[in-house]
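Novice: Questions regarding the structure given below will be posed in turn.
Just so it is clear, none of the values below were taken in a lab; they were calculated from the coordinates. Just so it is clear, the model here is predicted, and its values are computed rather than measured. Cβ coordinates were reconstructed from backbone atoms using ideal geometry, including for glycine residues, and neighbour counts include every protein chain displayed.
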Amino acid sequence: MKRICIWLLCAAAMLTSASGAFAQAAPASSFPTQPVKIIVPFTAGSNTDILARVLADKLGALWKQTVIVENKPGISGTISVANSTPDGTTLMLTSNGHTVLGALNKGLPIDPVKDFAGVSVIAAVPLVLIVSPTLPVKTLKDLIELAKAKPGKLNFTSAGLASSNYIAGELFKQSAKIDIVHVPYRGTQEQLTSIMRDDAQICLAFLSTAQSLIQTDKVRALAFAASTRAAALPDVPTFAEAGMPEFQYDSWFGVLAPAKTPAPILRKISDDLAAILKTPDVRQRWDTLGAIPVSNTPEQFDAIIRADVDRYGKVLKAAGVSAE
């Protein structure tokens, strides 16, 4: 009798476990049952916005559900995602600038790591170092020598302290051991215009936004931040080829969800994104943006975010940047 009772208890436990697993799987199998929103904490027309809109169209068709992109530039957009219901219906597509928010904002009401769950990286977008066409340099070595000869006289531009341009620019400054001055601008176009006018001299820009200016000699490209040269700019060497292998900066874009979003839902969205990124039309679209399709698991993305928070936090500390 005792053995029967124990067996019944074990059977009941197994059934409970199975029903719990089914309860977890059920939301994912039917997800989404309502419209999904992708928040972009950048302006319309930005790289992040363009990537989000391509994915929204594809996910909408795959899920047979409405998927909209909503632009909420700045920290308010990020906060709104962290405070959203963790059911997968509110997502965020952002850049690796997300990882420095805690280091830049004093009293930030959210935690860039703890309040978010990684879904997947969706693209790597290498940067290219461009300079004013009037600057008397032809190579990366020339630029570093000029900066060392004129400490504090050359400027580098960015879209703000949380932008990829700034993080990469500061990392370049520290790696090359040069004194160049940061000048933030409101957006991509202002940055590029400042380089063309020689108001500023240096920018680590996304290839997609700088390519046409490089090809028409409105700016000069000195080095490409990737392991291989860009097909669109075969004459521009990588940083390693240009004599600076220590400079490594991975500019990623990825999808995040609010913390506590059920793991099966995160996995489903991640798997669906991976499938979309393999389609020829999306790969072609990414190529026109100078982007490389990348996908990974939620767990892998979480690990990348944690590592970047640590790495870039140290870069900002070395730059003397503190939370405000």
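Novice: Of the options Leu93, Ala240, Val125, report the single residue whose Cα projects farthest towards the positive end of the charge dipole of the chain (beta-carbon charges: Lys, Arg +1; Asp, Glu -1).
Specialist: Leu93
Novice: Taking only DSSP H segments of four or more residues, each worth -39500 (n - 2.57), what value at 222 nm results for the chain once the sum is divided by all its residues, to the nearest 500 deg cm²/dmol?
Specialist: -14000 deg cm²/dmol
Novice: If you take every DSSP beta bridge whose two residues both sit in the chain, what share of them, in percent to the nearest 5, is antiparallel?
Specialist: Close to 60 percent.
Novice: Rounded to the nearest 20 debye, what is the charge dipole size of the chain about its Cα centre when +1 sits on each Lys and Arg Cβ and -1 on each Asp and Glu Cβ?
Specialist: 480 debye
Novice: Compute, for segment 127-224, the length of the dipole vector about the Cα centre, with Cβ point charges of +1 (Lys, Arg) and -1 (Asp, Glu) only. Units Debye, rounded to 20.
Specialist: Using only the charged Cβ atoms, the result is roughly 160 debye.
Novice: Return the subset of Lys72/Lys141; Lys218/Lys278; Lys64/Lys260; Lys72/Lys150; Lys72/Lys278 for which the Cα-Cα distance in this structure is over 32 Å, preserving the input order.
Specialist: Too far apart for the 32 Å limit: Lys72/Lys141; Lys218/Lys278; Lys72/Lys150.
Novice: All other residues with a Cβ under 13 Å from the Cβ of Ala147 taken together, and with Lys, Arg as +1 and Asp, Glu as -1, what is their net charge?
Specialist: Its environment carries a net charge of +3.
Novice: Let me ask another. Identify which of Asn83, Asn47, Asn155 has the largest mean-square fluctuation in a Gaussian network model of the chain, with springs joining Cα atoms closer than 10 Å.
Specialist: Result for the chain, Cα springs under 10 Å: Asn83 fluctuates most.
Novice: Toward the positive end of the charge dipole of segment 127-224, about the Cα centre and with charges on Cβ (Lys, Arg +1; Asp, Glu -1), which of Ile214, Leu143, Phe224 goes farthest?
Specialist: It is Leu143, whose Cα lies furthest towards the positive end.
Novice: Give the cross-link partners of Lys148 among the lysines, using a straight C-alpha distance below 20 Å as the criterion and excluding same-chain residues fewer than 8 apart.
Specialist: Lys138, Lys173, Lys177
Novice: Oh, and also: Only sites in a loop by DSSP and with at most 12 other Cβ atoms within 10 Å count here; which trypsin sites (Lys or Arg not before Pro) in segment 42-83 make the cut?
Specialist: Taking segment 42-83 and a limit of 12 other Cβ atoms within 10 Å, the loop trypsin sites (Lys or Arg not before Pro) found are Lys64.
Novice: Now for a separate question. Of Asp235, Asp142, Asp272, how do they rank once you tally other Cβ atoms within 10 Å and put the fewest first?
Specialist: Asp235, Asp142, Asp272
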